[in-house]
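Below you'll find the structure, written out as structure tokens, and then a few comments.
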Amino acid sequence: MSRILKLNIFRYNPKDLNSKPHIETFILNETESMTLFIALNRIRSEQDPSLQFDFCCRAGICGACAMIINGRPDLACRTKTKDLPDNITLLPLPIFKLIADLSVDTGSWFRQMYQKVESWIHTDMVFDSNAQEERMTNHLAEKIYEVDRCIECGCCVAGCGTAIMRENFLGAVSLNRLARFILDPRDKRTTNAYFDLVGTDEGIFGCMGLLACEDVCPKQIPLQDQLGKLRRKLALAAINNVLPKFLRG
């Protein structure tokens, strides 16, 4: 016999002057292999077409359907209702600008982040469309791919205690992005250049190491490994910069 699910969903449309933040409860019969993505679409088609949430791929690769599910950031499309109690609370991701209900604007946040960490290959090489692609070893390509699997869902940012307390904190996703370029031999930036970008409390030294970012990452990217390597690299750069000045008096 199928369960009766009670979905408590945050509702609020900032553009509607009559709208006020509140929790609305919907009752739904659970079906086999139901995901929260399916449940939300059923609610929108059968009960309330005004319910707003984001989705695109339905396969856990676009990151659009990220939300707070019973207190934990995750993707609705990869969360099966059978793994949850029959009383489910859904909230929008914090930190990001609310569009309405469960829909948030992660795009603007990520665009600003990419500008801050200069998320592109820095090189003085002139592009030649007729030249062969630069080669790299399979081992290096796999290392870059491992940290480049981010789907920009925002779960790690929403689960980060520092990001919640500090508005300008870059978060694990930003630092992981920079770690990807440090690995890439085509990027010609120096360690000092990387330090100037993220060697502050708003960057790598603001991380408290609570591990929530890695714990909630739906792609299971080893974020803390990358943050640890980046912190050691930039801490050494800071020592190398400060120590000679200190010795010279």
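The values are calculated or read from the model by the stated rules, or taken from the named source; none is laboratory data. Since this is a predicted model, take the numbers as computed values, not measurements. Methodologically, a virtual Cβ is constructed for each residue, glycine included, from the backbone with ideal geometry; neighbour enumeration extends over all protein chains shown.
Values as computed for the structure displayed
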item: Check on Phe96, touching a residue at least 12 places away in the same chain (Cβ under 8 Å), more than 24 Å from Cys160 (Cβ to Cβ), aromatic (Phe, Trp, Tyr) and not assigned by TED's automatic domain parsing to the domain that holds Thr162; result: no
item: Members of region 189-224 that are under 22 Å from Arg72 (Cα atoms), exposed (fewer than 15 other Cβ atoms within 10 Å of the Cβ) and among the polar types (S, T, N, Q); result: Gln220
item: Positions within region 91-120 being assigned to a loop (DSSP other than H, G, I, E, B) and surrounded by 13 or more Cβ atoms within 10 Å (Cβ to Cβ), in sequence order; result: Pro92, Leu93, Pro94, Ile95, Phe96, Asp101, Leu102, Val117, Glu118, Ser119
item: Those residues of region 199-233 which are over 19 Å from Met113 (Cα atoms) and touching a Ser or Thr at 6+ places or on another chain (Cβ under 9 Å), in sequence order; result: Met208, Leu210, Lys233
item: When residues of region 80-90 are limited to those that are within 22 Å of Ala64 (Cβ to Cβ) and among the charged types (D, E, K, R), the one surrounded by the fewest Cβ atoms within 10 Å (Cβ to Cβ); result: Asp83
item: Single residue of Arg42, Arg11 found to be in contact (Cβ under 8 Å) with a residue 60 or more places away in the chain and touching a strand residue (DSSP E or B) at 6+ places or on another chain (Cβ under 7 Å); result: Arg11
item: Test: Leu140 is closer than 30 Å to Arg166 by Cβ, in contact with a helix residue (DSSP H, G or I) (Cβ under 8 Å, 6 or more places away or on another chain) and of a type in the set (A, V, I, L, M); result: no
item: Some residue of region 63-78 being touching a helix residue (DSSP H, G or I) at 6+ places or on another chain (Cβ under 7 Å), assigned to a loop (DSSP other than H, G, I, E, B) and modelled with pLDDT under 95; result: no
item: Yes/no for Asp54 being under 30 Å from Asp196 (Cα atoms) and touching a strand residue (DSSP E or B) at 6+ places or on another chain (Cβ under 9 Å); result: no
item: Residue under evaluation Lys229, criteria (1) buried (at least 18 other Cβ atoms within 10 Å of the Cβ); (2) of a type outside the set (Ser, Thr, Tyr); (3) in a helix (DSSP H, G or I), criterion not met; result: (1)
